[in-house]
Amino acid sequence: MNKMKWQKPPLRQGAPGDYQTPPIALKPLFPFLKRNWLIWECACGKGYLVDEMRLRGYRVIGSDILTGQDFMHYIPEEFDCIITNPPYKLRNEFLSRCYELRKPFALLMPITTLETAKRQRLFRDFGIELICFDKRIEFEMPENKIGQAIWFGVAWFTNWLDIGKNLSFVRLNEDVIIRQKIV
């Protein structure tokens, strides 16, 4: 098995790639979260998602590399589910770690996360369910600008939440492709 190259996420708030997720992004997840779960927000940044889930009565623990708790190496004593918006440049590492921990998870990531053979192999081997939005999310940008929609679409990439709608990932074998002549 290939070892993944680990890259450090932003070490300070306001660094490029430090996008804070607005609480509205959680709305489509709530029907699938069990009230008795202890939810781990493992890249909590300023804590917007932690605060919103607690406000709605969920038990939540928040951690972040900024407070010395690196998701790649830290694990709380107890948790039932992971919900976070990971640093996008570390999406492979976060996905692999979530599958390794074998707990329900929801990672808010760009739709382009569906691309690449490496990630598709993870999805094929372990499964993935997506919750897509009908519009772009307005993140708080590193410059503290609020209300700017990012230029790319994002979705909740989930597993073991029993959403009930799956995606299929197939390998194309060129020997099997039938070439049709268009008349």
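Every listed requirement among (1) within 24 Å of Gly164 (Cα to Cα); (2) modelled with pLDDT under 95; (3) of a type outside the set (Ser, Thr, Tyr); (4) surrounded by 16 or more Cβ atoms within 10 Å (Cβ to Cβ) is met by Pro87 save one, (1). Out of Asp80, Asp134, one residue alone is of a type in the set (D, E, K, R) and either crowded, with 21+ Cβ neighbours inside 10 Å or within 24 Å of Asn36 (Cβ to Cβ) (or both). It is Asp80.
To keep it simple, each residue is scored yes or no on (1) among the polar types (S, T, N, Q); (2) at pLDDT 95 or above; (3) under 13 Å from Phe157 (Cβ atoms).
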| residue | (1), (2), (3) |
| --- | --- |
| Ala43 | no, yes, no |
| Asp51 | no, yes, no |
| Arg56 | no, yes, no |
| Glu78 | no, yes, no |
| Glu93 | no, yes, no |
| Ala106 | no, yes, yes |
| Glu115 | no, no, yes |
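Only one residue in Thr116, Thr84 is among the hydroxyl-bearing types (Ser, Thr, Tyr) and on the phi > 0 side of the Ramachandran plot, so which one is that? First the steps, then the outcome.
Values: Thr84 fails: on the phi > 0 side of the Ramachandran plot.
Unique residue meeting the criteria: Thr116.
For region 19-36, a residue qualifies if it is touching a Leu at 6+ places or on another chain (Cβ under 7 Å), surrounded by fewer than 19 Cβ atoms within 10 Å (Cβ to Cβ) and closer than 12 Å to Thr84 by Cα, and exactly one does: Pro23. The residue that is surrounded by the most Cβ atoms within 10 Å (Cβ to Cβ), among those in region 58-69 that are of a type in the set (Val, Ile, Thr) and at pLDDT 95 or above, is Val60.
Going by the structure shown, is Ile39 touching a strand residue (DSSP E or B) at 6+ places or on another chain (Cβ under 9 Å), at pLDDT 90 or above and within 18 Å of Arg97 (Cβ to Cβ)? Taking the combined requirement at face value, the residue satisfies it.
The residue list Leu122, Leu49, Leu66 contains one member that is more than 15 Å from the chain's Cα centre (by Cα) and assigned to a helix (DSSP H, G or I), which is Leu66.
The values are calculated or read from the model by the stated rules, or taken from the named source; none is laboratory data. Everything quoted here is computed from the prediction, not taken from an experiment. Here Cβ is always computed from backbone atoms with ideal geometry, including for glycine, and neighbour counts include all displayed protein chains.
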